[in-house]
Amino acid sequence: MTVAPTITTDRVILRAHRASDMDAFWDFYQTARADFMDKPQNRSHLWYGVMAEIGSWVLHGHGGWAVDLHDGTMIGQVAILQPPHFTETELGWLLFDGYEGQGYAFEAADAALGYARQTLKPASLVSYIHRDNTRSRRLAERLGAAPDLQAKAHDDEDIVYRHFGEAA
């Protein structure tokens, strides 16, 4: 596969990234919502990161999706990635300010997890979540993941949540 497939759910659309997404991502990384994430140092680093997520589709058959509402409003991202500094393939997500608490992140992440289980068929995926990011930890648990205390974390502040290949 060379481009992210479009996945449509009841309320969101997972789609391939576009150049026009860059400003929304940059704006997100300037907010407190991104405090638990690795932030790009500048717009060039952001560009490299987004291009890696797009290129991952070509090289690995998985990568990042923009998450849109059905009216075309971009509200975040969901991704299945394994950059070199991750020991395992991750299911990750981010949601822009104003869209939390409405189930959009769950719907998008659940669709990506379903894609992975159906298409990639991994034994498991992980989510590297900062220990203080209680919203993301609750979302991982709602998706059926559990902390894996034996797994190698991305950094010392992360908890690794394991999503098994088949729905529990």
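Annotation note: Cβ proximity below 6 Å between a residue of region 151-162 that is more than 12 Å from ARG131 (Cβ to Cβ) and a residue that is of a type in the set (D, E, K, R) (sequence gap 6+ or interchain) occurs for ARG162/ASP148.
Condition first: assigned to a loop (DSSP other than H, G, I, E, B) and under 17 Å from PRO83 (Cβ atoms). Now tell me which residues in region 37-49 satisfy that. Within region 37-49, MET37, ASP38, LYS39, PRO40, GLN41 meet the criteria. Checking region 29-42 against the condition returns no match, with no residue being touching a strand residue (DSSP E or B) at 6+ places or on another chain (Cβ under 6 Å) and surrounded by fewer than 14 Cβ atoms within 10 Å (Cβ to Cβ). On the basis of being loosely packed, with under 15 Cβ neighbours inside 10 Å, within 24 Å of ILE7 (Cα to Cα) and in contact with a strand residue (DSSP E or B) (Cβ under 9 Å, 6 or more places away or on another chain), does GLU107 make the cut? No: the conditions fail for GLU107.
Taking the listed residues ALA19, ALA32, the one that is modelled with pLDDT under 95, under 22 Å from SER127 (Cβ atoms) and of a type in the set (A, V, I, L, M) is ALA32, with no other qualifying.
Those residues that are in a loop (DSSP other than H, G, I, E, B), surrounded by 12 or more Cβ atoms within 10 Å (Cβ to Cβ) and over 15 Å from the mean Cα position of the chain (by Cα), I need them from region 6-28; list them, please. Don't jump to the end; show me each part of the working.
Initially, region 6-28 is screened for residues in a loop (DSSP other than H, G, I, E, B), giving 6, 9-11, 16-18.
Next, only the ones that are surrounded by 12 or more Cβ atoms within 10 Å (Cβ to Cβ) stay: 9, 11, 16-17.
Hits for region 6-28 are THR9, ARG11.
The set of residues from region 43-52 being loosely packed, with under 14 Cβ neighbours inside 10 Å and not polar (S, T, N, Q) comprises ARG43, HIS45, TYR48, MET51. Annotation: of all residues in region 92-117 being in contact (Cβ under 8 Å) with a residue 40 or more places away in the chain and touching a helix residue (DSSP H, G or I) at 6+ places or on another chain (Cβ under 6 Å), the one that is farthest from LEU143 (Cα to Cα) is ASP97.
Of the set (1) on the phi > 0 side of the Ramachandran plot; (2) at pLDDT below 95, all apply to GLY72 but (2).
The values are calculated or read from the model by the stated rules, or taken from the named source; none is laboratory data. Values in this document were obtained by computation on a predicted structure and should not be read as measured data. Here the Cβ is made from the backbone with ideal geometry for all residues, glycine too, and neighbour counts use every protein chain on show.
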